[in-house]
Amino acid sequence: DQQVKQNSPSLSVQEGRISILNCDYTNSMFDYFLWYKKYPAEGPTFLISISSIKDKNEDGRFTVFLNKSAKHLSLHIVPSQPGDSAVYFCAPYGGATNKLIFGTGTLLAVQP
Amino acid sequence: NAGVMQNPRHLVRRRGQEARLRCSPMKGHSHVYWYRQLPEEGLKFMVYLQKENIIDESGMPKERFSAEFPKEGPSILRIQQVVRGDSAAYFCASSPAGLAYEQYFGPGTRLTVT
């Protein structure tokens, strides 16, 4: 059951540049889409979310874009900082369920 | 303003023993969720509970696993007769009533079965 795919297992970016993390999904009934950041040996930390009725949400250095026709969302981080180095998960919610469906994650490494 | 608390952080059990994982939700949150992360995988939903009620346990293995969220005290995830394949990180999340998509996670319990 691969409802959520993050096809890039890892991404390396220079400090100050833009990081773009991608996520594809199959269920058109999801209500919200969340991004979480996770450091090793810690729980996921909520970053930013977007409702299915919107196509963009911005919070400081983080912007999430939603393309419902393509069933695709992306997280933009600009400028990237070394402290952003972590695993990022997209996690859609809803579609008549009560759970978050996590992707497999993308390991972001921001080089100083 | 304490976040979601989980204990223990690390738990080692021999095959056949029982594991009990505890989760205290954030203050004011009445919904609790348990997720499991196996090595090299994303988090997978296990169960969703409200006080004294199991709302959705569609992700729970049919045998050996149970969860509760009593009127008083933390939520408990119980694994009986553990096997090596139960070794994983178990995360608890909580959300306020009416905002089930706003889930805040605890630090997790890392279970190792030897």
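Taken together, the values in this text are just the output of simple stated rules run on the coordinates, not laboratory data. These numbers were taken from a predicted model, which means no experiment stands behind them. We place every Cβ from the backbone using ideal geometry, glycine too, and count neighbours over all the protein chains shown.
Computed 3J(HN,Hα) for the stretch A:23-32, one whole-Hz value per residue from the Karplus formula 6.51 cos²θ - 1.76 cosθ + 1.60 where θ = phi - 60°, is 8, 10, 9, 10, 8, 6, 9, 4, 9, 9, glycine and proline marked x.
For the stretch A:1-46, a crude dipole built from +1 on the beta carbon of Lys and Arg and -1 on the beta carbon of Asp and Glu, taken about the Cα centre, is about 140 debye to the nearest 20. Measuring between their Cα centroids, the stretch B:1-61 and the stretch A:1-70 lie 24 Å from each other. Note on A:Lys68: lysines with a C-alpha under 16 Å away, same-chain residues under 8 apart excluded, are A:Lys5, A:Lys54, A:Lys56.
Note on chain B: with a GNM built from Cα contacts shorter than 10 Å, the maximum mean-square fluctuation among B:Ser58, B:Ser66, B:Ser95 falls on B:Ser58. Net charge dipole, the stretch B:1-89: roughly 340 debye, given to the nearest 20, about the Cα centre with Cβ charges of +1 for Lys and Arg and -1 for Asp and Glu. Phi-derived couplings, Karplus 6.51 cos²θ - 1.76 cosθ + 1.60 at θ = phi - 60°, listed residue by residue for the stretch A:73-79: 9, 9, 10, 10, 10, 8, x Hz, with x used for Gly and Pro. Placing unit charges on the Cβ atoms of the charged side chains and taking the dipole of the protein assembly as shown about its Cα centre, the candidate lying farthest along the positive direction among A:Ile18, A:His76, A:Thr97 is A:Thr97.
Give the average, rounded to an integer, of partner chain Cβ atoms located within 10 angstrom of each Cβ in B:18-28. Let's see the in-between values first.
Values: counts 0, 0, 0, 0, 0, 0, 0, 0, 0, 0, 0.
Mean partner-chain Cβ count within 10 Å for B:18-28: 0.
Using per-residue counts of other Cβ atoms within 10 Å, averaged over each peptide, order A:61-68, A:42-49, B:13-20 from highest down.
Working: A:61-68: 17.0, A:42-49: 18.9, B:13-20: 13.5.
In descending order of packing, they fall as A:42-49, A:61-68, B:13-20.
For the residues of B:104-111, the average number of beta carbons from a partner chain within 10 Å of their own beta carbon is 3. What you get for the protein assembly as shown, charging only the Cβ of Lys and Arg (+1) and of Asp and Glu (-1), is a dipole of about 540 debye around the Cα centre.
Expressed in nm², what is the orientationally averaged projection area of the convex hull enclosing the Cα positions of chain A?
Values: hull surface 27.0 nm².
If I average the Cα hull's projected area over directions, I get 6.7 nm².
Kirkwood Rh over alpha-carbon pairs of the protein assembly as shown, then Stokes-Einstein at 20 °C and 1.002 mPa s: what D in µm² s⁻¹, rounded to an integer?
On the way: Rh = 18.1 Å.
Result for D is 118 µm²/s.
Distances between placed amide hydrogens fall under 5 Å for B:Ile55 paired with B:Tyr48, B:Leu49, B:Gln50, all partners being 5 or more residues away or on another chain.
Put a dot 7 Å past the Cα of B:Arg78, heading toward its Cβ, do the same for A:Ser12, and the two dots end up 5.0 nm apart. Each of B:Thr114, B:Gln103, B:Gly59 was scored by the projection of its Cα onto the charge dipole of chain B, and the greatest displacement toward the positive side belongs to B:Thr114; charges sit on the C-beta of Lys, Arg, Asp and Glu.
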